[in-house]
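Comments concern the structure below.
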Amino acid sequence: MRYDFAAGLSVFLVALPLCLGIALASGAPLYAGLLSGMIGGIVVAVISASPLAVSGPAAGLTTLVSASIISLGDYRVFLLSVIVAGAFQVLLGLLKLGTIANYFPSAVIKGMLAAIGIILITKQIPVALGYDRPDFWTSGLRSLFSSGSSAAFSHQVSIASVLIALFSLLLLILMRLPFGKKLRFIPAPLLVVGAGILFAFFFGDANGTLSLKQNQLVKIPTNIFANISFPDFARLFSQSQIWKDGVIIGLLATLETLLCIEAVDKLDKHNRITPVNRELIAQGIGNMACGMLGAIPLTAVVVRGSANVDAGARTKMSAITHGLLLLLAVVLIPFVLNLIPYASLAAILLMTGYNLTKPKLYRNMFSLGWKQFLPFILTIFIILATDLLIGVSIGLLLSVYFIIQNNFRAEYKITRTAMGGIETELIRLNSNVTFLNKVKLKKALDEVAENSKLTIDGSNCNFIDYDILEIISEFENKAKDRNIDLHTVGINKVNVTAIH
């Protein structure tokens, strides 16, 4: 308790504003983010074997959650997708597929997170401005800055929200500077929320353009448990979109969790390794509970996990403590939470989005060369233009293309000489010749001159694909017709091995 209670308190102070902010960005009820934090802290932590990871609503899912809620048209139907996502994660864990994250290229994952960061920023800019209509990026922005619209600008934008957001961003930036790190014992999000509450008191009594409206403050029911939305199970098999969204949410939540677990394990001073398949089962049960109880989906979260490590946590009791404190806050002090301005939460999310899509990331990816940068940047553009699944899929296809292109590098070497007026060619096969080399090898064989001598040497091969053996066998017939003296070395032995 000496270490874990203090760490749990610290993580609670970080998680509280993030739970609210991520629910806001997801277009879900604010209490849904708090419920997700409680379930992540209590249910997932109890089942998980990770000593330091902390679960809750994640910024990486906001885009997908928001789009799913809109496309399904009903939050109660969306909750069915969360249950499907949890069941999918449990299935992955039971099938011991916890290594799935290792099969996604790093460039695609970084591109996905960068795109999520951009979307997070674009969604929070209107909130930071106090603009409460959905047309900001279509017609709202243009109307704000059109000529002679200063009155419209002050009417549509809350000056109080802008000031709170700017001050909050400044505070977050200062906390990252060397002298700000001296205040590390106070979590930056908590400091921002505290400052926002003070601003809310000040602007709440103001008049005119400096007034802060009630709809620009967090609104959580005094008794959230009486207002929880439960899933509409009658619709479970009526819409295929429920299952599609569920699998996508489950896959993305799995990737984010596994990447987080890997990062947090590296921070563990005791070098403990989290069993990933058990973690997937814990996350899956947690997401099923989220769907049942009206919460948004959760993952293991790097921000909370690193805060947990920094606070000196020793065991998973710190994560459980943070979940219990979230529960107590919602039950005992909802009136305090309702004093938080949306602009403060928007500032926290703007900084979170920036951290996901820093300019430094783009420079680093570009320095790695086009084969890393192109899948990265294409994933970003496709996600922004379409949706997450299409963007990640196309990024994967481009990465696979580069992998195949690398394998097209000839796994053989051609040597040409002339002896006694007869052209002699030697094709020496290297270690592993797969079907990916099929096209180039076939072309090389077709270019062998008539009335020449050809030797195909496979004595150095560990493996020759059956497709390659078939091409060589077919060429034997062509060689007779073209008067090519064909000899094979080491091919028969590899042939037997390949067929078995």
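Values as computed for the structure displayed
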| quantity | calculated |
| --- | --- |
| Ascending count of other beta-carbon atoms within 10 Å, so fewest first, for Trp370, Trp243 | Trp370, Trp243 |
| Local electrostatic count, Arg76, Cβ distance below 11 Å [Lys/Arg +1, Asp/Glu -1] | -1 |
| Magnitude of the charge dipole, segment 270-369, Cβ model with Lys/Arg +1 and Asp/Glu -1, debye to 20 | 300 debye |
| Nearest-0.05 FRET efficiency for Lys96 and Glu476, computed from C-beta distance (R0 51 Å) | 0.65 |
| Packing-based exposure ordering (other Cβ within 10 Å, fewest first) of Glu474, Glu279 | Glu474, Glu279 |
| Label-point separation, Ser106 to Phe230 (7 Å along Cα→Cβ), nm | 4.8 nm |
| Rg to Rh quotient for segment 1-65, alpha carbon positions, Kirkwood Rh | 1.00 |
| Taking all pairs of distinct alpha-carbon atoms in segment 31-73, Kirkwood radius in angstrom | 11.6 Å |
| Gain upon complete extension [Thr386, Leu170; 0.36 nm per residue less C-alpha separation] | 74.4 nm |
| Full-stretch length increase - Lys244, Lys443 - with 0.36 nm per residue and alpha-carbon distance subtracted | 67.3 nm |
| Rg and Dmax [Cα atoms of segment 232-320; Å; Rg one decimal, Dmax integer] | 15.4, 50 |
| Dimensionless Rg/Rh of segment 241-286 - Kirkwood Rh, Rg from C-alpha atoms | 1.09 |
| Order of Ser344, Ser68, Ser238, Ser211 under a 10 Å beta carbon neighbour criterion, fewest first | Ser238, Ser211, Ser68, Ser344 |
| Distance in nm between pseudo-label sites at Leu339 and Glu262 (7 Å out along the Cβ direction from Cα) | 4.4 nm |
| Kirkwood Rh, Cα atoms: Rg over Rh of segment 253-384 | 1.01 |
| Point-charge dipole on Cβ atoms (K/R +1, D/E -1) for the chain, about Cα centre, debye to 20 | 1200 debye |
| Mean Cβ count within 10 Å, highest first, over the residues of peptides 189-202, 451-464, 355-368 | 189-202, 451-464, 355-368 |
| Segment Tyr401-Ser431, extension gain: residue separation times 0.36 nm, minus the distance between their alpha carbons | 8.6 nm |
| Computed E for Thr315/Glu423 - FRET, C-beta separation, R0 56 angstrom, nearest 0.05 | 0.15 |
| Efficiency of FRET between Leu198 and Leu332 - r from beta-carbon atoms, R0 25 angstrom, step 0.05 | 0.75 |
| Hull volume in cubic angstrom per residue (convex hull over the Cα atoms of segment 359-407) | 58 Å³ |
| Volume per residue of the C-alpha convex hull in segment 412-499, rounded to whole Å³ | 80 Å³ |
| Over segment 4-357: Kirkwood hydrodynamic radius from C-alpha pairwise inverse distances, Å | 20.5 Å |
| Alpha carbon convex hull of segment 169-316, volume per residue in cubic angstrom | 194 Å³ |
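Quick note: the coordinates plus some simple rules give every number you see, no bench work behind them. Only a predicted model underlies this, so the values are computations on that prediction, with no experimental measurement involved. Virtual Cβ from ideal backbone geometry, glycine too; neighbours counted across all protein chains shown.
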